[in-house]
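All of the numbers you see were taken from the coordinates with simple rules; none came from a lab. Just so you know, these numbers come straight off a predicted model, no measurement behind them. Counting neighbours? That spans all protein chains shown, and the Cβs are built from the backbone with ideal geometry, glycine included.
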Amino acid sequence: MNDKQKKFLVFRADGLSFDKIAKELKVSKPTLIQWSRIYQDDIQDLQFQDMRDLKEKYKYNKSARYEQLLKHLEKFNKAIDEADLTSATIKDLHLIKNDILLKLEQIEKRTVYTNTNLVSTCEITGKKENITLQLNEV
């Protein structure tokens, strides 16, 4: 692969048209179309690499989005905790309380305890106890 072909790959990966590349490299359009077929995989690899680099640069991945959402949730929770409820009606306070209790109950229902088949012995009493692990939605 010569220097013009390497430049062609970069230009095509960047989305430049054949006309613009032809003027820049002083190569005929039919030749560029032929190179495009020959080096199609290389062009796609460069495009993929560019996208991956951008994604890494801006940390736009699943864990980063999850972390960002958790930060927003923390801000909302703080604002709720600091909210002045003195002007709320008794009915509203009961609705909020019941909603919180319902959510707690839902979390508790999703919690699973599993037996590890391990036994712990108390050093003082000698009493043996099965060890269970709590597995929740996390």
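Observations
For (1) exposed (fewer than 10 other Cβ atoms within 10 Å of the Cβ); (2) touching a strand residue (DSSP E or B) at 6+ places or on another chain (Cβ under 7 Å); (3) in contact (Cβ under 8 Å) with a residue 24 or more places away in the chain, each residue gets a yes or a no:
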residue	(1), (2), (3)
ILE90	yes, no, no
ILE96	no, no, no
ILE107	no, no, yes
THR114	yes, yes, no
VAL119	yes, yes, no
GLU129	no, yes, no
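- Of LYS26, LYS4, all but one fail to be without any contact (Cβ under 8 Å) to a residue 24 or more places away in the chain, out of contact with any Phe, Trp or Tyr (no Cβ under 7 Å at 6 or more places or on another chain) and loosely packed, with under 12 Cβ neighbours inside 10 Å; the exception is LYS26.
- Residue list for region 17-74, filter: under 13 Å from the mean Cα position of the chain (by Cα) and polar (S, T, N, Q): ASN61, SER63, GLN68
- Those residues of region 9-23 which are surrounded by 13 or more Cβ atoms within 10 Å (Cβ to Cβ) and either free of Cβ contacts under 8 Å to residues at least 12 places away in the same chain or part of a loop (DSSP other than H, G, I, E, B) (or both), in sequence order: LEU16, ALA22
- Those helices (runs of 4 or more DSSP H) of region 25-138 in which 2 or more residues are within 18 Å of ARG12 (Cα to Cα) occupy 29-38, 40-57.
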